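Dropping the structure in here first, questions after.
The values are calculated or read from the model by the stated rules, or taken from the named source; none is laboratory data. Everything numeric here is computed off the predicted structure, so don't read it as measured data. Cβ placement follows ideal geometry from the backbone for every residue including glycine, while neighbour counts extend to all protein chains displayed. Surface accessibility is based on the protein's heavy atoms, side chains included, excluding ligands, DNA and RNA. Shrake-Rupley method; radii C 1.70, N 1.55, O 1.52, S 1.80 Å.
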Amino acid sequence: MKFRRVKGTRDVLPREAAARRELEEKVFELLAPAGFHPVLTPTFEHYELYKRSTGESSDIVIKEMYRFQDMGGRDLALRPEGTPSVMRAVLENSIKLPARLWYVMPMFRQDKPQKGRYREHTQIGAEIIGEGDPQIDAELVKIGFDLFTSIGIHEMFIELNSIGCRECRPGYIKKLKDFLVQHADELCDDCRLRAERNPLRVFDCKQKSCQRILSDAPLQTDYLCPGCADHFSQVKAGLDIFQIPYEENPRLVRGLDYYSRTVVEFKSRELGAQDTVCGGGRYDYLMQEMGGPATPAIGFAFGVERALLASRGEDVFSSVQPGIPLLLLPLGDKAKPYCLDLLFKLREKGIGVQAEFRSGGLSRQLKRADSRNAEKVLIVGDKEIESGSFIVRDMGTGEQEELTFDELISGLVNT
RNA sequence: GUGGGUGUAGCUCAAUUGGCAGAGCACUUGACUGUGGCUCAAGAUGUUGGGGGUUCAAGUCCCCUCACCCACCCCA
């Protein structure tokens, strides 16, 4: 085998492709009534867009982007996540706000592939732009919850936190940094680095020793300004209206720079290490940072591959040849052009039909029909062409009936 | 970028202390030239992931390399 797929990419075979379409339908059915409209953006953008929005301290920008130059010397990158592109599109096309947009688009990140994580993957995302009330946060979380429930993801739980705003976050980060410096000699090497660059990330550390120390660390929720504290408690009050299982996780931090206030993760215990199905949060400053007017916004996104893993298990990914409703079996060379003609006369009637043009006797043709998973076959030999009466055989039951050409054309429409 | 595991026929996997590379499924052909699935018979399939080394002899031992899987970092 000479050519292989590029590391971290995958082939989506018919069975999984069908499952994806189903999933997309379900998402559409849930989002459309809530006012979401579909949107598509280019697969690549100016590198600068992601650098400025996703953030220079995010791992995506630091080491995971497919960055390249085109022949005009433009500095470009394959889209690593959807939000910056969607916001750019809103701004560039002067879309009327508030707006609700959703998308299903491929994303590209050059990190090490493992279960449920690929270098090219498909994300479905939903964004509410121009609405900042806490009820919106609760609405979006509820929509997400319903969505994952409807696609059959079990053992799901929601983690929720508020990471504050411009007013209160800097003060908290300073407090946290002071704490980390104090305990620097007890932390792992990674965490000492994090303490300098991006202190919030220490909460992601899996080291038990670090976790023990961090259990005494100051928490953002204790240092929220009155505005953020009120917002957060109203989000929770909103969620309490629904019977949604969520837990506050004061150590939940997200990897992108643009988040503020509400952050949320949807997790499933059925996924192993990659247990986050969906992440999201509020990003009230992003539009302004991109040069637009101050505009509150919130959104979530999830990976289709991971969602399918969590909802259907492995069987989704096996390859299965789909069956054929009706297969024409020509016998002899004269019957072949006749079948070719018949093929399209039947398709015009909306019948799913194919023909077996490889030569062979009836026995052979039936064997082929069997291995191709045909539900019914139509036997077309010289005898049939002459008499205008054809045998339709049900490959499941073995029952046969004889139909004239006209009966065939009209009668099969109902089968 | 770091660690662990696995690479043998299209697929799932065998192969004893180093000793003729095999089975099941799938495939092709025939028994059966106008009635499939079952059965029976025959057949085809490999640079044992790649390269190098040790040896009379390597799927097996050693070194290098690549790919995939799992995990870490991080994330969807």
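Relative to the longest principal axis of the C-alpha atoms of chain A, give the angle of the C-alpha long axis of helix A:134-150, reported between 0 and 90° and rounded to the nearest 10°.
Tilt of helix A:134-150: around 30 degrees.
Calculated from DSSP H runs of 4 or more alone, at -39500 (n - 2.57) each and per residue, what is the 222 nm mean residue ellipticity of chain A, nearest 500?
-10500 deg cm²/dmol
On a 0 to 90° scale, report how tilted helix A:83-92 is relative to the longest principal axis of chain A, with both axes built from alpha carbons and the result rounded to the nearest 10.
90
What net charge is computed for the residues neighbouring A:Lys63, neighbours being all others with C-beta under 14 Å from the C-beta of A:Lys63, Lys and Arg scored +1, Asp and Glu -1?
Charge balance near A:Lys63 sits at +2.
Please report the accessible area of A:Lys175 (heavy atoms, 1.4 Å probe, ligands and nucleic acids excluded) in Å², nearest 10.
Surface accessible to solvent at A:Lys175 totals approximately 100 Å².
Loop-only check: which GluC sites (Glu not before Pro) in region A:128-159 are DSSP coil with at most 12 other Cβ within 10 angstrom?
Those satisfying the criteria are A:Glu155.
Determine the share of chain A's accessible area contributed by carbon and sulfur atoms, expressed in whole percent, with a 1.4 angstrom probe.
Working: 10440 of 21180 Å².
Result for chain A: 49 percent of the exposed heavy-atom area is carbon or sulfur.
Could you grab the relative contact order for chain A? Cα pairs under 8 Å, six or more apart, rounded to a whole percent.
Once normalised by length, the contact order is 16 percent.
List the pair-distance distribution P(r) of chain A, using every Cα-Cα distance, as the percent of pairs falling in each 10 Å bin from 0 up to the bin containing the longest distance, rounded to whole percents.
4, 18, 23, 19, 13, 10, 8, 4, 1, 0
Can you compute the charge dipole magnitude of chain A about its Cα centre, using +1 on each Lys and Arg Cβ and -1 on each Asp and Glu Cβ, nothing else charged? Give it in debye, rounded to the nearest 20.
My answer is approximately 1360 debye.
Decide, for region A:1-158, between rounded, prolate and oblate: order the square roots of the alpha carbon gyration tensor eigenvalues as a ≥ b ≥ c, take rounded if a/c falls under 1.5, and otherwise choose prolate if a/b is larger than b/c, else oblate.
oblate
Could you tell me whether region A:324-410 comes out rounded, prolate or oblate from its Cα gyration tensor? Rule is a ≥ b ≥ c as square roots of the eigenvalues, rounded for a/c under 1.5, then prolate if a/b exceeds b/c, otherwise oblate.
Details: a/c = 1.27, a/b = 1.09, b/c = 1.16.
Because its axes are fairly even, with a/c under 1.5, region A:324-410 counts as rounded.
For region A:324-410, what is the accessible area per residue in Å² when the probe is 1.4 Å? Kindly include the intermediate steps, with their values, before the conclusion.
On the way: 4850 Å² over 87 residues.
With the other protein chains kept in place, region A:324-410 gives 56 Å² per residue.
Translational diffusion coefficient of region A:101-189 at 37 °C, 0.692 mPa s, Stokes-Einstein with Kirkwood Rh over Cα pairs, in µm²/s as a whole number.
Roughly 188 µm²/s, to the nearest whole number.
Shifting gears a bit: Give the angle, between 0 and 90 degrees and rounded to the nearest 10, that separates the Cα long axis of helix A:14-31 from the longest principal axis of the Cα atoms of chain A.
It is inclined by approximately 60 degrees.
Counting only protein chains, not ligands or nucleic acids, how are A:Ser57, A:Ser311 ordered by accessible area (probe 1.4 Å), most first?
A:Ser57, A:Ser311
Something else now. Rank these by accessible area, largest first, 1.4 Å probe: A:Glu64, A:Glu25.
Result, largest first: A:Glu25, A:Glu64.
Counting Lys and Arg as +1 and Asp and Glu as -1, what is the net charge of the other residues whose Cβ lies under 11 Å from the Cβ of A:Lys177? Walk me through the numbers before you get to the answer.
On the way: positive: A:Lys174, A:Lys175, A:Arg194, A:Arg197; negative: A:Asp178, A:Glu196.
My count for the surroundings of A:Lys177 gives +2.
Then there is this: Suppose all protein chains stay in the model; what accessible area per residue would a 1.4 Å probe give for region A:149-275, in Å²?
In whole numbers, region A:149-275 has 51 Å² accessible per residue.
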